[in-house]
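Contents: one structure, followed by commentary.
The values are calculated or read from the model by the stated rules, or taken from the named source; none is laboratory data. This is a predicted model, so every value here is computed, not measured. Note: ideal-geometry Cβ built from the backbone for every residue, glycine included; neighbour counts use all protein chains shown. Accessible surface is based on the protein model in full, side chains and every heavy atom, while ligands, DNA and RNA are left aside. Shrake-Rupley method; radii C 1.70, N 1.55, O 1.52, S 1.80 Å.
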Amino acid sequence: RLAAELEEQAAEARGFEDKLDITRRWTGQRRFQVGAQLLTRKVDAEAAARSFSAIADAVLAAMQRFVAAEFTRQHGTIGGGAMIVIGMGKLGAHEMTFTSDLDLIFVYDHDPHAGDSNGPRSLPPSHYFARLSQRVINGLTVATAEGPLYDVDMRLRPSGNKGPVAVHVEGFDRYQRETAWTWEHMALTRARTIAGPKALRQR
């Protein structure tokens, strides 16, 4: 219901920047609502955490769609291409608070024989998904006239801050099997897929 409500409001936007502002207004209103319910003890801390997390889920799914539509106009698509967002930490465990940031990992896949994207400004697959994921991050973190939205933490991605912003699903699998530290495996116990195509999420 939250996702549908945000999508309905964003449909009235006059452009991409307007969608960013609408998303921020909607998020602020919904987070304020949960905060007020918590302060007046209409909900407990656990229920509030689930609600804050559900709000973030709706924002992530919407932001990925908004950014992907804009990005596709500039760079086209990659054959068989798909990208998902994995929530880690408090987001992944439905334990967010009013001030929590978003711990994210971006994982993508594409046809093994896919070449560059088919848009006016074509990009090879790895660059395409790296830029797409960075655009999603920018959409979440940039301060507009409506203020900030969320801080994003990418340190839990494979190889941490030294790793690529987005990782191919096979590289993600290989990293977890061969290279990841024990604490990284422990972090995965709190992970869940949040946005993106169903088939890649299930994989």
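So if I check each of GLU12, GLU17, GLU46, which one is at pLDDT 95 or above and open to solvent by 50 Å² or more (accessible area, probe 1.4 Å)?
Selected residue: GLU46, the only one of GLU12, GLU17, GLU46 that is at pLDDT 95 or above and open to solvent by 50 Å² or more (accessible area, probe 1.4 Å).
Confirm whether HIS75 is touching a Lys or Arg at 6+ places or on another chain (Cβ under 6 Å) and over 23 Å from GLN29 (Cα atoms).
Answer is yes for this residue.
Of everything in the stretch 73-99, what is more than 19 Å from ALA62 (Cβ to Cβ), within 16 Å of the chain's Cα centre (by Cα) and not in a helix (DSSP H, G or I)? Give them in sequence order. Break it down stepwise before answering.
At the first step, the residues of the stretch 73-99 found to be more than 19 Å from ALA62 (Cβ to Cβ) are 74-81, 88-90, 93, 95, 97-99.
Next, only the ones that are within 16 Å of the chain's Cα centre (by Cα) stay: 88-90, 93.
Passing the criteria: MET88, ALA93.
Starting from the stretch 91-102, take each residue that is within 12 Å of ILE55 (Cβ to Cβ) and at pLDDT 95 or above and list its partners that are among the polar types (S, T, N, Q) and crowded, with 16+ Cβ neighbours inside 10 Å, counting only C-beta distances under 8 angstrom and pairs at least six apart or across chains.
Every condition considered, the pairs that remain are LEU91/SER53; LEU91/SER100; HIS94/SER53; MET96/SER53.
Among the residues of the stretch 50-62, which ones are touching a His at 6+ places or on another chain (Cβ under 6 Å) and buried (at least 17 other Cβ atoms within 10 Å of the Cβ)?
Across the stretch 50-62, the qualifying residue is only SER53.
In the list GLY171, GLY119, which residue meets the criterion of being within 23 Å of LYS19 (Cβ to Cβ) and either buried (at least 18 other Cβ atoms within 10 Å of the Cβ) or out of contact with any Asp or Glu (no Cβ under 9 Å at 6 or more places or on another chain) (or both)?
GLY119
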